[in-house]
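The values are calculated or read from the model by the stated rules, or taken from the named source; none is laboratory data. Note that the structure is a prediction, hence the values are computed from the model and not measured. Cβ: placed from backbone, ideal geometry, glycine included. Neighbour counts: every protein chain shown. Calculation scope for accessible area: heavy atoms of the full protein, side chains included, ligands and nucleic acids excluded. Shrake-Rupley method; radii C 1.70, N 1.55, O 1.52, S 1.80 Å.
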Amino acid sequence: MPATWLAERLAIDPAMIDAMRRDGELIAVREPGSTDWFYPSWQLEDGRPLHGIPRVVRAAREARIDEGKLYTILTARRGLHSDGKVYELLREGREDDVVELVRAG
């Protein structure tokens, strides 16, 4: 979702959305050739970012993983025989597992 839509949904100023992205509180990705950030809706629960997002973003930054690669990791299948996605582990409270996957790149 675009930043303006997310700002409306969270009832905050759009500039705050960008600040939250820069501070690692939200995950955003850009389409190739675009200047606009898009924020995956799966990182929100009850209108708030998931608890583990800052830790996951910090791990990605420490591993020098850019936003696009982080998005790819988080939206990957959880395993060969699973229909679930990695980001669903955050919803299950398994942020340690997600951090390990991000660090492994």
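Here are the numbers for the structure shown:
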item	result
Of all residues in region 61-75 being closer than 16 Å to ASP97 by Cβ and surrounded by 17 or more Cβ atoms within 10 Å (Cβ to Cβ), the one that is farthest from the chain's Cα centre (by Cα)	ILE73
Those residues of region 77-87 which are outside any helix (DSSP H, G or I) and under 17 Å from ILE53 (Cβ atoms), in sequence order	LYS85, VAL86
Test: ARG58 is surrounded by 18 or more Cβ atoms within 10 Å (Cβ to Cβ) and either in contact (Cβ under 8 Å) with a residue 12 or more places away in the chain or touching a Ser or Thr at 6+ places or on another chain (Cβ under 9 Å) (or both)	no
Matching option when the condition is in contact with an Asp or Glu (Cβ under 6 Å, 6 or more places away or on another chain) and among the β-branched types (Val, Ile, Thr), among VAL29, VAL86, VAL57	VAL29
Filtered residue count, region 6-43, keeping only those that are closer than 21 Å to THR75 by Cα, out of contact with any helix residue (DSSP H, G or I) (no Cβ under 7 Å at 6 or more places or on another chain) and either open to solvent by less than 10 Å² (accessible area, probe 1.4 Å) or in a helix (DSSP H, G or I) (or both)	4
Output for region 61-102, where each listed residue is of a type in the set (Lys, Arg) and touching a strand residue (DSSP E or B) at 6+ places or on another chain (Cβ under 8 Å)	ARG77, ARG78, LYS85, ARG91
All positions within region 1-46 that are at positive phi and at pLDDT 95 or above	GLY24
